[in-house]
Structures are given as structure tokens and as C-alpha cells.
Amino acid sequence: MTFETMTTIQNFVMDIPFWIATVIFITAYALIVAEKMHKTVVSIFAAGSMLVLKIVDQHEAFHMEELGIDWNVIILLMSMMIIINLMKPTGIFEYVAIKSAKMGKGEPFRIMVIFAVVTAFLSALLDNVTIVLLITPAVIFIADALEVDAVPYLLSSVFASNIGGTATLIGDPPNLMIASKAQLTFMDFIVHLTPIVIVLMAVYLVVIMVFWRKRLRTRDELKERVMAMDEREAIKDPIMLKKSLMVLALVLVGFVFHGMLHFQPATVALFGAGLLLLIARTNEPHHILAEIEWPTIFFFMGLFIIVGGVVKVGLIKSLSLQMLALTDGNLFATSMIIIWFSAFASAIVDNIPYVATMNPLIIEMAQQLWPNLSGVQLLQHPDLMPLWWSLALGACLGGNATAIGASANVIVIGMAEKAGKRISFLKFMAYGVPVMVLTVAISSLYIWVRYYVF
């Protein structure tokens, strides 16, 4: 056997895990899109296949954040779901819904705009996953009261959460990851991303008017019934409400200052959930825990392992390296490719592992361009900064394209399904892709004008 033949065989054997992982990933994604099977079933089986076929081992799947389950995300979600489930019986969500509806004079489209603006604003200040957990029950309640389709309200809110979360360091997990690698501050994001997010929200409100304004109609008697509602009567347990709001406020403050306190958001949320369970004097927590969106939680767990498999075998890195090679050192072209590739890649895989893959690639490229620099001087080189902002905009806004593009999307779809408001994968894409393409196009223009023209 010749040396060349042995090398060919060796390369083929080495490529087998790559092709197995790629086939599992594509098949799982196709089944999720086709919706012939429940997405959680597909996710768990595909993740199990990655483990059984040793694409990733158990240690990598359960203990390595880069290749497996991100327990920070899982514990954060579970903890916030516990807090929300304890708050539901107090009537707070009905209160918020009625108050919003009355502010909108009972007009379905005005109410949609109010929900979208509130969701985007709060998502910039806090984690957008937390915000959709809080806002979704109120959205469903008011849609039912007006006897209108809840799906447009849910979609408009989740799109707004992903746009608003792009504005700040703490608004969306990819921004946290980019800030950590590039050593960027909270104010860096405010200065560079918040201005364009304000523009994007203004454009987005026009988009939802085109999408849904003519479709959102309700009877005058239903408007009058909503306007006649007394939001104060919605409060069923004022004592528990006060306890819940105190704990929620403590958790939200913890989110804002978690960096200074050296706590992960999951730690803050878990403490809040435990504290609220304690002061609520819940001797039998079974019903509270049973209300957790377990299908959503297990879908995330499986998805992390699936994506970890294709990250490990090099599929994501290979695609990213080919993208960077296309620019041949032209940083403007690199910025444009990064923002668009990030948008489409984040629509296909969760943006968290994608950003984890792209961060070191950008740093490696910077080292090749400026070999004499290191530390902050390298990471925050003026010519490199547009690439970081392109990555943030592409990864965060790209999440709007598909039902699995962002954590907030999966949460809203899971809660909607539980309430009997099913949102299909293709229906989500029908509205999400145009929103993504438009917002990324405007962001590309912003990057060009701000960093390359002036």
C-alpha cells in the first residue's frame, strides 16, 4: 500500500465523524422544520445519537459549555419559570394586560405597538429571555379578551425582544460573550449599538403595521368590555404579589450588577426562585415545578449537544474560515460578510455557540494583521472594532429569522403551544425572515456609514 493511499484512507477515517455529525445536524433540522415530529423528541434523539456515536462524549456534553449543555442558560430558564409560575396566581399578568389594553384604548393594533415597545425597552435593560417569560402571559390574556389571534402579538413581541436586546451588553447572551472576549464595557455597547437599535425599532413598528394592522379587528363591544375592566380587580393575592415583586426586583437588580457582584445570571435567578419558594411557604412545590416548560428545557439541552457536535468536528469553524478567506484582508468586506453570515448562521444554529466559534477567529485574524500588538490594544484596535459590532448585530438580529434562532423564540413558542396558540416553524419564518433581512440590511448601512465613510 502506497503512502498516498494510506494518507487518503486516514483522511477519510478522520472525516467520518465530520460527516456523521453533519448528517445528524441536517436531518434533525429538517425534521424540526417539517414538524412531522415534535421538536423536543427530535432534539433529544439527535443529541443521544451524537453521544452514542461518540461525536461528543458524555463529559463534553454535560460538563463543557463550549461543546455541550450551557447550564447557565438552562438554570436561568428554569429558575425564572419557577418565579413566573409563583406569580401567575396573584393576577399580576392580567393587571399588566388590562392596563396596556386601556392605554391602547382597546384598539388591537395600538396594544400590539405598546407591547412591542415595552418588550424592546425592557429587553435592552435586562435579559430578553426573562422579559419574554414575563410578557407572554399578558399578551395571551389580552388577545383572548379581545378575541383576536394571539400569534401576531406573540411574534411581534419576540421580534421586538431580539431587536431591543441587541442594544446593550446585558440584553442578549451573544453580547455578553463578545464583551468578555474583546474586553468591552457596558457604555461601549450603548455608544455603538443603541443608536442603530432605536432606528431599527422605529422601522420595525412600520413593518408590523404592514404585517398585521388590517388583520387585527375586534368588535366594539369587546373594546368596551376591555375598557370597562378594572385592573385592580385582577389582583387575587396582594400579599403574595408584594412578596413576588420584591423578589423579582431583587433578581433584576442582580442581573444589572451581576458583573460587579461576580455572579452568573443563573446564580441570581436560582437564588430568587429559592427565596420566593421559601417566603411563599409552599409546602408542596410539585405543582409549581410541574408547570415548568419541560419540553422547552429539554429541547434546549438537546440543541446544545447537537450544535456542540458540529462545532467539535469543525463544521462551523470551516464555514467561518471560508467566509473570512473570501475578504482577502479587506476589513470593510470582512465586516459585511461577518454581519450577513452571522445573521444566516444564527438563524440555523443557536447564536450562542456560533459567537463562541467566531470570537477566537476574529482575534486570530487580528493577530495576523497586527502581530506587534497584544491585550486591549489588539482587541480594541480601531480597525477591528467594526468587526465586533458586525458580529453582535448579525448574531442578535439573525435570531429573528427562525423559531430556533434565539432562546427567546423557543421560550415564546413553547409557552404559546402550552396555551393552545401553536406557531409553526414555517409561519415563524414567513414573518421572521423579512424582519431579519430588513434589520440586518439597515445595520449594514449603519456599519458602512459610521465606520468606513466618516
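Summing -39500 (n - 2.57) over the DSSP H runs of n ≥ 4 in the chain and dividing by its residue number, what mean residue ellipticity at 222 nm do you reach, to the nearest 500 deg cm²/dmol? Before the final figure, lay out the partial values.
Values: 24 runs with 344 residues, N = 454.
Theoretical 222 nm ellipticity from helices: -24500 deg cm²/dmol.
Which chymotrypsin sites (Phe, Trp or Tyr not before Pro) in segment 31-81 pass both tests, a DSSP loop state and at most 10 other beta-carbon atoms within 10 Å?
On the way: sites: PHE45, PHE62, TRP71; in loops: none.
Sparse-neighbourhood loop chymotrypsin sites (Phe, Trp or Tyr not before Pro): none present.
How would you rank 157-165, 175-183, highest first, on the average number of other Cβ atoms within 10 Å across their residues? Can you show the working numbers first?
Values: 157-165: 31.0, 175-183: 19.2.
Packing order, densest peptide first, comes out as 157-165, 175-183.
Between rounded, prolate and oblate, where does segment 31-83 land on the alpha carbon gyration tensor, with a ≥ b ≥ c its root eigenvalues, rounded for a/c under 1.5, else prolate if a/b exceeds b/c?
Working: a/c = 2.98, a/b = 1.09, b/c = 2.73.
Oblate.
5 Å is the cut-off here: which amide hydrogens, built 1.01 Å from N in the peptide plane, fall below it relative to LYS421, excluding neighbours closer than 5 in sequence?
none
So what are the three principal axis dimensions of segment 345-445 from its Cα atoms, in whole Å, longest to shortest?
If we take the Cα atoms of segment 345-445, the spans are 59, 26, 16 Å.
How big is the Kirkwood radius of the chain, worked out from every pair of different alpha carbons and given in Å to one decimal? Walk me through the intermediate numbers first.
Numbers: mean 1/r = 0.0434 Å⁻¹.
Kirkwood hydrodynamic radius for the chain: 23.0 Å.
Rank-order 359-372, 128-141 by packing density, defined as the average count of other C-beta atoms within 10 Å over each peptide's residues, highest first. Before the final figure, lay out each step's value.
Numbers: 359-372: 14.0, 128-141: 25.1.
Listed from highest to lowest mean packing, they are 128-141, 359-372.
How large is ³J(HN,Hα), in whole Hz, for each residue of segment 70-80 in order, when computed from phi with the Karplus curve 6.51 cos²θ - 1.76 cosθ + 1.60 and θ = phi - 60°, using x for Gly and Pro?
Listing the rounded values in order: 8, 5, 4, 5, 5, 5, 4, 4, 4, 5, 5 Hz.
Pick out, from THR136, PHE299, LEU248, the residue whose Cα sits farthest towards the positive end of the charge dipole of the chain, with +1 on the Cβ of Lys and Arg and -1 on the Cβ of Asp and Glu.
Of THR136, PHE299, LEU248, it is THR136.
Explain nothing, just compute: Karplus ³J(HN,Hα) = 6.51 cos²θ - 1.76 cosθ + 1.60, θ = phi - 60°, for every residue of segment 25-41 in order, whole Hz, x for Gly and Pro.
Coupling constants for segment 25-41: 4, 5, 5, 4, 5, 4, 5, 5, 5, 5, 6, 7, 10, 5, 4, 5, 4 Hz.
Classify segment 206-271 from the C-alpha gyration tensor, please: rounded if a/c falls under 1.5, else prolate or oblate depending on whether a/b exceeds b/c. Walk me through the numbers before you get to the answer.
On the way: a/c = 5.07, a/b = 1.64, b/c = 3.08.
Since a/c reaches 1.5 but b/c is at least a/b, the shape of segment 206-271 is classed as oblate.
I'd like the Karplus ³J(HN,Hα) series for segment 181-191: coefficients 6.51, -1.76, 1.60, θ = phi - 60°, whole numbers in Hz, and an x wherever there's a Gly or Pro.
Once θ is set to phi - 60°, the couplings for segment 181-191 become 6, 8, 6, 8, 9, 4, 5, 4, 5, 4, 5 Hz.
Straight-line reach from LYS105: which lysines have a Cα under 27 Å away, not including same-chain ones fewer than 8 places off?
LYS88, LYS214, LYS223, LYS236, LYS421
Take peptides 113-124, 392-403, 217-228 and line them up by average Cβ neighbours within 10 Å, highest first, as a rough protection proxy. Could the numbers behind the result be given before it?
Values: 113-124: 22.4, 392-403: 29.9, 217-228: 13.1.
Highest-to-lowest ranking by the protection proxy: 392-403, 113-124, 217-228.
With an 8 Å Cα cut-off and a minimum separation of 6 or more residues, compute the relative contact order for segment 147-284 in percent.
On the way: 68 pairs, mean separation 26.7, N = 138.
After rounding, I find 19 percent.
Work from the charge dipole of the chain (Cβ charges, +1 for Lys and Arg, -1 for Asp and Glu, about the Cα centre) and give the residue of VAL23, LEU387, LEU77 farthest towards its positive end.
Projecting each Cα onto the dipole axis, the largest value belongs to LEU77.
What do the square roots of 5 times the Cα gyration tensor eigenvalues come to for segment 111-175, in whole Å, largest first, as semi-axes of the equivalent ellipsoid?
On the way: eigenvalues 102, 17, 14 Å².
Computed over segment 111-175, the values are 23, 9, 8 Å.
Take the alpha carbon gyration tensor of segment 165-253, find the square roots of its eigenvalues, order them as a ≥ b ≥ c, and report rounded if a/c is under 1.5; if not, report prolate when a/b exceeds b/c, else oblate.
Numbers: a/c = 4.11, a/b = 1.35, b/c = 3.04.
Since a/c reaches 1.5 but b/c is at least a/b, the shape of segment 165-253 is classed as oblate.
Computed from the coordinates by the stated procedures, all read-outs in this text should not be read as laboratory data. Worth saying up front: this structure is predicted, and the values here are computed from it rather than measured. Glycine gets a Cβ as well: all are built from the backbone with ideal geometry, and neighbour counts include every protein chain shown.
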